[in-house]
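Please read the structure below before turning to the comments.
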Amino acid sequence: MKNKAGIIISAIAICIIGVILSVALSVGGNDKGNINENPGRNDNNNTDIENMTEEDAYSRLEKCASKVKVTNNQAGKGIVSYDGVSANEELPDIDSSYPLVVEPKGKEIVAEIFCSPEKAGSGTDGWMKELAEDFNESNQQINGHSAGIAVRSITSGTQIDYIKSGVHIPDAFTPSASMWSDMLEFSGTEIIEISERMVGNVAGVLVDKATYKSLEEQYGKVDILTIIQATEEGSITAGYTNPFTSTSGLNFLASTLYSYDKSDPLSSSAVEGFNKFQNNVPFVAYSTLQMRDAAENNTFTSFILEYQGYYNNLELKNNYEFLPYGIRHDNPLYAVAGISDDKLELIKAFNSYCSTDDAKKRSTSYGFNQLDEYTDSIPKTDGMTWSQMQKIWKKNKNTAKPIAAVFVLDTSGSMSGEPMNALKSSLTNSMKYINSSNYIGVVSYSSNVNIDLSIGIFDINQQSYFQGAVDQLNASGSTATYSALAQASLMLGEFMKTNPNVQPMIFLLSDGEPNEGAKFSDISSAIKKLRVPVYTIGYNADLEELKKVSSLNEAASIDADSDDVVYQLKNLFNANL
């Protein structure tokens, strides 16, 4: 936090806010103090958790919180303003966060292409990256000038954010599926279709074979409609990813809405059906990794993945059935209107290079082009409809079961100065991403713990108190992270006595390891027992320790020491709050 204090904290701050909804942070630490009744007992083993009652868990957390002084320091009202960081400013520096994975050297004409990660990664995810490298070594010429292709690996939704905002516009882009280009054109950006399909792929729901057999016995036929119905009825739990950034996530959302109204996914009946379905979804995953971890721990009995990823994972193929859904993911290629004729010709030449028999053979061996018989199970639609479906999701995803979240904010001495200023401005900016139907509280901590805002519905009144809590933050003292985390858990437990129909979450932000109060081993089994996810955001921190905290209940952990933390937090908010 020394050299990059301003940047890191700024990012972090927003992270925090982003965390508000879906990301959180918890910091591991100091071995000082042990509240275990049996000093030799491993507080994190399964036997301890199985034998523990909720009453035991809360009793243990009370001891953890009481290791330091806890003060009820309710904030006064602040002035709520939604004039914060613009959407354009939230996007990270592209060279830092999404560097070129293919960079042609010494070429006179270069065309830059945004490429979705399953084509621009490594191994079986590196098809287009490898072809671009081969193409650049083949001495291509455009009108007598040497020519090459530059590639950036960027998720499909993020590609569109950069282009639509004008922050960074490539010469061409290839998302996983066509819905992103539909939305880009709807926003007013002109594009030129170069290829409707570079490589074939399909999104699908993975269901373990035992569950599949059970569903088959119960419903007769097992397909995407069965999964939606079984989830609504509580027979299974479905996991999917953020539809603002994930192609598979947005495709799954559309399939769900269309399942309730085949003619109009925006109708009241479609929204009503989605709410019933969403009520039995534990959470929307920030990333595929978080979703997979939750599935391995049986939080989800079904989850989504592209067929190419399924094909290349022997364990998945052996243990899960793949059920295709939605529109195909055929990885189209588009040029952005207005580029030079030479660059347009270069992009077309590269597309031809990717269409050769050798290129197709390689893509097939990497898991693409495997389900060519599959056709779209939902209608093709326009960019306005895709955008409206995203808005419906954001507004309604927590309607049946709103979020109750406590922000746990580190105000220790190392946060003084610019870091604290950045933290405050980031939290102020992030308020706009929190649905007003959720319940929010705030705890801050240093050597001791302060309850700055009791949990309440995030209406304009609560927003003003939230702003007041942010305004009064001051940095000093030591770092009692785990005592603060215990206090936040107690607040949620008390709140849920009178508000049981909520999803509890904690968003923890810290810049250093704990050196005061309780430690991780004191609280881990109690947090796990209560199944409260703790989203962690850490910078200049022991990230492995933070991941341990988040992994207790399948939450996500974010490295705020990266330049894209502000954007990641925005996505976390959209996914969870």
* **Charge dipole (the stretch 297-453, unit charges on Cβ, about Cα centre) - positive-most of Ser437, Ser425, Ile339** => Ser437
* Determine the share of the chain's accessible area contributed by carbon and sulfur atoms, expressed in whole percent, with a 1.4 angstrom probe. => 44 percent
* Asked: What is the helix-to-structure angle for 5-21, meaning the angle in degrees between its Cα long axis and the longest Cα principal axis of the chain, kept from 0 to 90 and rounded to the nearest 10?
  -> 80 degrees
* Each residue of the stretch 53-70 in turn: what ³J(HN,Hα) in whole Hz from Karplus with 6.51, -1.76, 1.60 and θ = phi - 60°, glycine and Pro shown as x? -> 8, 4, 4, 4, 4, 5, 5, 5, 5, 4, 5, 5, 5, 6, 5, 10, 7, 10
* HN-Hα J couplings of the stretch 134-146 from phi, Karplus 6.51/-1.76/1.60, θ = phi - 60°, integer Hz, Gly and Pro as x? -> 5, 4, 5, 8, 9, 6, 5, 10, 10, 6, x, 10, 5
* In whole Hz, what ³J(HN,Hα) sequence does the stretch 174-182 give by Karplus (6.51, -1.76, 1.60; θ = phi - 60°), x for Gly and Pro? -> 9, x, 6, 8, 7, 4, 6, 5, 4
* Pairs of Cα atoms under 8 Å, at least six residues apart: use those to get the relative contact order of the stretch 87-166, whole percent. => 42 percent
* Cα-Cα over 18 Å: which of Lys164/Lys380; Lys119/Lys361; Lys394/Lys548? -> Lys164/Lys380; Lys394/Lys548
* Using unit Cβ charges (K, R positive; D, E negative) and no other charged atoms, how large, in debye to the nearest 20, is the dipole of the chain about its Cα centre? -> 1220 debye
* Asked: Dipole of the chain (Lys/Arg Cβ +1, Asp/Glu Cβ -1, origin at the Cα centre): which of Ala404, Ser355, Leu314 lies farthest to the positive side?
  -> Ala404
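Restricting to DSSP loop positions (anything but H, G, I, E, B) with no more than 11 other Cβ atoms inside 10 Å of their own Cβ, which chymotrypsin sites (Phe, Trp or Tyr not before Pro) remain in the stretch 379-447?
The qualifying sites: there are none.
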* Round to a whole angstrom and tell me the spacing of the C-alpha centers of the stretch 298-374 and the stretch 179-251. => 15 Å
* Does anyone have the angle between helix 209-219 and the longest principal axis of the chain? Alpha-carbon axes, 0 to 90°, nearest 10? -> 90 degrees
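Please give the calculated 222 nm ellipticity per residue for the chain, where each DSSP H segment of at least 4 residues contributes -39500 (n - 2.57) and the sum is spread over every residue; nearest 500 deg cm²/dmol? Spell out each step's value before the answer.
Numbers: 24 runs with 247 residues, N = 577.
So the calculated ellipticity at 222 nm is -12500 deg cm²/dmol.
Say R0 is 25 Å: what FRET efficiency, to the nearest 0.05, do Ile79 and Asn474 get from their beta-carbon distance? Display every interim value, and only then the final one.
Values: r = 19 Å, r/R0 = 0.74.
Once rounded, the FRET efficiency stands at 0.85.
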* **Solvent exposure of the chain as accessible area per residue, Å², 1.4 Å probe** => 38 Å²
* Going 7 Å from the Cα of Asp223 in the Cα-to-Cβ direction, what parts of the stretch 378-392 have a backbone nitrogen less than 18 Å from that spot? -> 378-380
* Asked: Suppose every K and R has +1 on its Cβ and every D and E has -1 on its Cβ; what is the size of the dipole of the stretch 109-175 about the Cα centre, in Debye to the nearest 20?
  -> 220 debye
* 5 angstrom amide H check on Tyr286, placed H, neighbours 5+ away -> none
* Cut-off under 5 Å, modelled amide H: who pairs with Ser302 long-range -> Thr237, Gly239
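Taking the Cα centre of the stretch 431-553 as origin, work out the dipole magnitude from +1 charges on Lys and Arg Cβ and -1 charges on Asp and Glu Cβ, in debye rounded to 20.
Values: 8 positive and 11 negative charges, 102 e Å.
Approximately 500 debye in magnitude.
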* Asked: Going toward the positive end of the dipole of the stretch 451-557, with +1 on Lys and Arg Cβ and -1 on Asp and Glu Cβ, which of Pro500, Tyr465, Ala555 do you reach last?
  -> Pro500
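The values are calculated or read from the model by the stated rules, or taken from the named source; none is laboratory data. Because the structure is predicted, anything quoted here is derived from the model rather than measured. So basically every Cβ, Gly included, is an ideal-geometry build from the backbone, and we count neighbours across all protein chains shown. Surface accessibility is based on the protein's heavy atoms, side chains included, excluding ligands, DNA and RNA. Shrake-Rupley method; radii C 1.70, N 1.55, O 1.52, S 1.80 Å.
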